[in-house]
Every structure is written in structure tokens, then in C-alpha cells.
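Visitor: Starting off with a structure, shown below.
The values are calculated or read from the model by the stated rules, or taken from the named source; none is laboratory data. Only a predicted model underlies this, so the values are computations on that prediction, with no experimental measurement involved. Neighbour counts are summed over all protein chains in view; Cβ atoms, including those assigned to glycine, are modelled from backbone coordinates with ideal geometry. Note: accessible area is taken over every heavy atom of the protein model, side chains too, but ligands, DNA and RNA are not part of it. Shrake-Rupley method; radii C 1.70, N 1.55, O 1.52, S 1.80 Å.
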Amino acid sequence: MIFVDGIPFSTCSSQGTEDLIALLEHPFLVSASNKLKAIPVTKVSVMEGSRGKRSTPAKHVYVFQREFATVDPALVELVGTDEATTCVGLVIRNQKTGWTSIAHVDSPEVVDLGLTQMLSLLIDQNSDAELDVHIVGAFEDAVTNQTSGRSGSESESELYNHSIPLCSKIIEALQNKGNIFHIQTFCVLGHNTVRDSDGNAYPVFNGFMVETSSGSVRPANFDGSSRCPDEIVRRIRVTVSYSDPSWKGKLLETYDSHSDQYQIAPCSWNPRWKGYALSLQQLSDSDILQNCSTSPSAEGPDFLDNHRRLFDYLIQHPNWRETFPMRKPRIFNRTASGDWIKAE
């Protein structure tokens, strides 16, 4: 059940799209979006002496696309994600315990099981816990994509529908759960969209972080030093997990809540990925954007570099067992300084 401003939220329809429209127009959530957009974007870095950037506290957890993590506020001070354009950042926080789960959701196909994964550590079996929810991302790319003349593999209707069905599915899944969800932030679609003088759409911001002790949310961008550990392997999982049946319909497991370890769960890939990567590596920057992004004009400045590093890894490691021997997770322990060291 969904609550907004302490009042049960309900429409006459059982469809997520109608609920989506009503939530986008709700005065409480409109006000919350405006307040969020008024907060300056924090540039998160763990590099010492990086000018113009704020170093994070020693303990934070970052999730990439399709990943989720649930954290204990006694162990982790901040959680966050970024690089979201048509994806959605979803946060669920137990009001009583402060335990917080964050996910970077990229497809309606992972919403149902993904929500169950997120809730598994937030609530007891018979708990009636009240849960705060923050939903951020999925800018309104419909007008831009309909008129862009994009020649990629997606049709215009598919592009037009990318953000809206994802947001609708999340609302539908929350409504269908028997838990009590208080939506505190709903900054998606039009609320997270700005247009330039030519009418091209861009996200107002593509990342955020949550303070686990208070539940406060603020816009954020993370640099490479704060997206650790195991960045490239985790990016590989996003790319290849679609063809690994063990991850069908699921979010990628990344972090162990009780041990405060990153446990990068294994993912397999076909050796043919080496050939795909070789082909993609030969493309121009513009062609990589067209082939690898749902929103080419809105990607960040490191999108191309990240993908070329990903292609290099797949070329050099065509056998996934080199990365995940015996299909075991890659485990990283946090050091006293906040760095991560791979466990032997």
C-alpha cells in the first residue's frame, strides 16, 4: 500500500500508468521534487586534495546499473548511485531501524523480483514496518527521441516508452505489495527534465546519495574513485547478465549487509562476447553512443571511456571463469581508510 503525505494513495484504476500520472501531479511530491532540485549537486570523491570535490565519509556504498545493496546504518553512512538517464534510482528505508536498500533499476523486467530482493533484509517475516521510498531518475526523453531520427536498433515507440513503463511498473509493484510504503520523493520524468534552446531533453541530475542515519536525499555525482571496488567487472555484469539465466528478472547482488563486504556475485558470459567487443571497439564514438545507450545525447562525459574499457576487458578475458573461478563471488574488504582490498 502506498501513502503520500501520511494519507493512503488510491486511484480508481489498477493500472500503474494512471497512478503514475496522479503521483506526478500530487502537490506533496511536486513540492518535494522542487526542493530536491534546489539542492546543489554534491561531487563525491574519495581522492584526497581533489579541488572542488567533497570527500566522502569513510564508509559509503555505491551501486551500478541493475545492482542493489541493503545497508545497516551502523556500518554505512552513505549510499548512492549515478549515471542514470532513463533508469530509476529506487531507495527504500525502514523508518524504525534505518536499514536502507538502494537499487539502480534499468528495466520493468527486474522490478518484481528486485523489489522482493530489496525488502528481504528490510523487514521481518511478520513485520508491519513502515518504509520510506525515494524514486529518482528516468528523465522525460519522449519528445527528443521521437524527433531525433535515431538509427539504432530500438524503434521510436520503444524509445518513447522506455522511461514511462519503468516508472509505471515500479508504482504498480509497490501497490501490489502488502507493505506500507511512504513515497517521500518522486522526481522522475518531467520533474527530472530540462530542455535546451533546441528542445533537446536532459536529466536535471543523474545521481543522488542518501544519508542512512537521517534518510535525507541529495543530488550527487560520483567519480571513478568513489565507484569502487571492482568497477570494470561490475560494469561487465550489467552488460552480460541479460544472457545469464541465473539472473533472469533479478537485480545483481553486490554487497553483504552483515559483514560490510562487497561480494560481487558471479555472472557468466559466452566467449562470443569477445567478437562483439572487438566489433564495438572499432566503432566511432557516435556509433558507440547510438548502439549502447537509450539516450545518446544525455550520457555523461566518461560514458565512452567506460565502455571502451569494458570492451577491452571482454577481449582480454573471453572466458568468464577467469574472472569468477569456480563461480565464486569476488570479495572485497573495507580498510580503515575506506579503501577496498580484494580478499585472497
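Visitor: Of the conditions (1) under 19 Å from ARG235 (Cβ atoms); (2) open to solvent by 50 Å² or more (accessible area, probe 1.4 Å), ASP339 satisfies every one except a single condition; which number is it?
Guide: ASP339 satisfies all of (1) under 19 Å from ARG235 (Cβ atoms); (2) open to solvent by 50 Å² or more (accessible area, probe 1.4 Å) except (1).
Visitor: Name the single residue, out of those in segment 1-32 being in a loop (DSSP other than H, G, I, E, B), surrounded by 11 or more Cβ atoms within 10 Å (Cβ to Cβ) and of a type outside the set (Phe, Trp, Tyr), that is modelled with the lowest pLDDT.
Guide: Per the stated criteria, the residue is SER13.
Visitor: Out of segment 308-339, which residues are in contact (Cβ under 8 Å) with a residue 60 or more places away in the chain, in a loop (DSSP other than H, G, I, E, B) and among the β-branched types (Val, Ile, Thr)?
Guide: Across segment 308-339, the qualifying residue is only THR323.
Visitor: Can you name the residue in segment 237-256 that is within 15 Å of the chain's Cα centre (by Cα) and more than 17 Å from PRO108 (Cα to Cα) and, of all such residues, is surrounded by the fewest Cβ atoms within 10 Å (Cβ to Cβ)?
Guide: My answer is GLU253.
Visitor: Name the residues in segment 288-307 that are part of a helix (DSSP H, G or I) and either closer than 28 Å to LYS43 by Cα or charged (D, E, K, R) (or both), would you? I'd like the intermediate steps shown before the answer.
Guide: First, pick out the residues of segment 288-307 that are part of a helix (DSSP H, G or I): 288-292, 296-298, 303-307.
Answer for segment 288-307, where residues must be part of a helix (DSSP H, G or I) and either closer than 28 Å to LYS43 by Cα or charged (D, E, K, R) (or both): ILE288, LEU289, GLN290, CYS292, PRO296, SER297, ALA298, PHE303, LEU304, ASP305, ASN306, HIS307.
Visitor: Look through segment 93-149, keep the residues that are under 13 Å from ILE180 (Cα atoms) and in contact with an Asp or Glu (Cβ under 6 Å, 6 or more places away or on another chain), and return whichever of them is modelled with the lowest pLDDT.
Guide: GLN95
Visitor: Condition test on TYR262, is it within 26 Å of GLU109 (Cβ to Cβ), open to solvent by 60 Å² or more (accessible area, probe 1.4 Å) and not in a loop (DSSP other than H, G, I, E, B)? Don't jump to the end; show me each part of the working.
Guide: On the way: within 26 Å of GLU109 (Cβ to Cβ): yes; open to solvent by 60 Å² or more (accessible area, probe 1.4 Å): no; not in a loop (DSSP other than H, G, I, E, B): yes.
It is false that TYR262 is within 26 Å of GLU109 (Cβ to Cβ), open to solvent by 60 Å² or more (accessible area, probe 1.4 Å) and not in a loop (DSSP other than H, G, I, E, B).
Visitor: Further question on the same structure: Among the strands (runs of 3 or more DSSP E) contained in segment 164-216, which hold 3 or more residues that are among the β-branched types (Val, Ile, Thr) and either buried (at least 18 other Cβ atoms within 10 Å of the Cβ) or under 17 Å from the mean Cα position of the chain (by Cα) (or both)?
Guide: Details: elements: 180-189, 193-195, 201-203, 208-211.
Counting at least 3 such residues, we get 180-189.
Visitor: Here are the criteria: (1) in a helix (DSSP H, G or I); (2) in contact with a Lys or Arg (Cβ under 7 Å, 6 or more places away or on another chain). Tell me which single one ILE236 does not satisfy.
Guide: (2)
Visitor: Okay, moving on. List the number of the failed condition for ILE315; all other conditions in (1) closer than 30 Å to GLY137 by Cβ; (2) surrounded by 15 or more Cβ atoms within 10 Å (Cβ to Cβ); (3) not polar (S, T, N, Q) hold.
Guide: (1)
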